[in-house]
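Have a look at the structure below, then the notes.
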Amino acid sequence: MFRIYRTAARCWWTLLPLLMVVSAAIECRRFVPAGPALGYAIFIGMLGATGLLSWFIHRFCLYGETPFSIWKNGGRAPKRPLARFILIYMALNLAAFIPATLVPALPFDLVYAALYFVIFSLFAAELPDAIDADPRYTTAQALRQAPRMAWLLLAGTGLATLAFQQMETHSMRAVLPLSVDMPVLIAINTVKGTIGLFPTILAVAASCHIYRRIAPQTSSATANRTAIG
C-alpha cells in the first residue's frame, strides 16, 4: 500500500502543471451558461479531456513516463490506440453516472460513489490493459482480483477523499472571507480541485498495481523506478 501511495504522490507532483490546467478548466466550466444540450456536450467533452489526463496518469504508473518524455522521445509505443482507452474510461464513468441520475430519491453523490466503487473494483484493470495489451491479462483474472482492488480503493482513494473533505470543511472554509472576487474564487477552487485529484491518482495507481500482479513487468529497461511493477 505504501508503494501505491508513493507512486501516486510522485505522479501528482510530476504532473502538477497538467493537473492544474485540467482543474482550472473544470472550474471555469461552472461559470459558462449553457442550456441542456450544450451542457451535455460540455460534459462529454470534459469527460474525454479527463480521459486523456487519465491516460497520462496510467502511463506514468505503468512506465514512469511523463507528457514531456512522451512528446520528446515518443515514449513506449502504445500497442493500442488512445481512442480505445478513452472509450473504456468514458464507459466505466458513465456506467456509474447515468444510473445515479435515475435515482432521485437518494443523494447523487452517494449513489455515484457506491456505483463507482463497485464498477472500478471489478473493471479498473481494463484501463491499464487498454494501454499495455499484455496477452497474459484476462478480464477473468482481473475479476478474481476484485476483492483486493476493492480494499485498495477503500484504503487509498476512500481515506484520501475523506481527508480532503475534512481539510476543505475545517480549514479552507474557515480562512476564506464570505465574499471574494471571481478570479480569486476560481484560483482557490483550482487549487482545491488539483489537490482533490490525488484520490483519483491513487485509484489509477491501485489499478496498475492489480494489473501488474496479473501481467508483471518483464523488462526493467522499459519502466522508470516510479512505475509500479
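Observations, loosely collected:
- Residue tally, condition free of Cβ contacts under 8 Å to residues at least 40 places away in the same chain, closer than 19 Å to SER54 by Cα and in contact with a helix residue (DSSP H, G or I) (Cβ under 7 Å, 6 or more places away or on another chain), over segment 90-111: 4
- Qualifying residues in segment 166-183 (those that are surrounded by 12 or more Cβ atoms within 10 Å (Cβ to Cβ) and part of a helix (DSSP H, G or I)) - the one modelled with the lowest pLDDT: MET172
- The one condition in (1) modelled with pLDDT of 75 or more; (2) closer than 17 Å to CYS61 by Cβ that SER219 fails to fulfil: (1)
Quick grid of which residues meet (1) outside any helix (DSSP H, G or I); (2) surrounded by fewer than 20 Cβ atoms within 10 Å (Cβ to Cβ):
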position	(1), (2)
LEU94	no, yes
ILE98	no, yes
ASP109	no, yes
ILE119	no, yes
PRO128	no, no
ARG136	yes, yes
ALA140	no, yes
MET149	no, no
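- Which listed residue is at pLDDT below 90, closer than 15 Å to PHE85 by Cα and under 20 Å from the mean Cα position of the chain (by Cα), from ALA113, ALA133, ALA125: ALA133
- Considering residues of segment 201-216 that are at pLDDT 90 or above and of a type outside the set (A, V, I, L, M) only, the residue surrounded by the fewest Cβ atoms within 10 Å (Cβ to Cβ): ARG213
The values are calculated or read from the model by the stated rules, or taken from the named source; none is laboratory data. Bear in mind that the values here come from a model prediction, so they are computed numbers and not experimental data. A quick note on method: Cβ atoms are made from the backbone with ideal geometry, for glycine too, and the neighbour counts reach across all protein chains shown.
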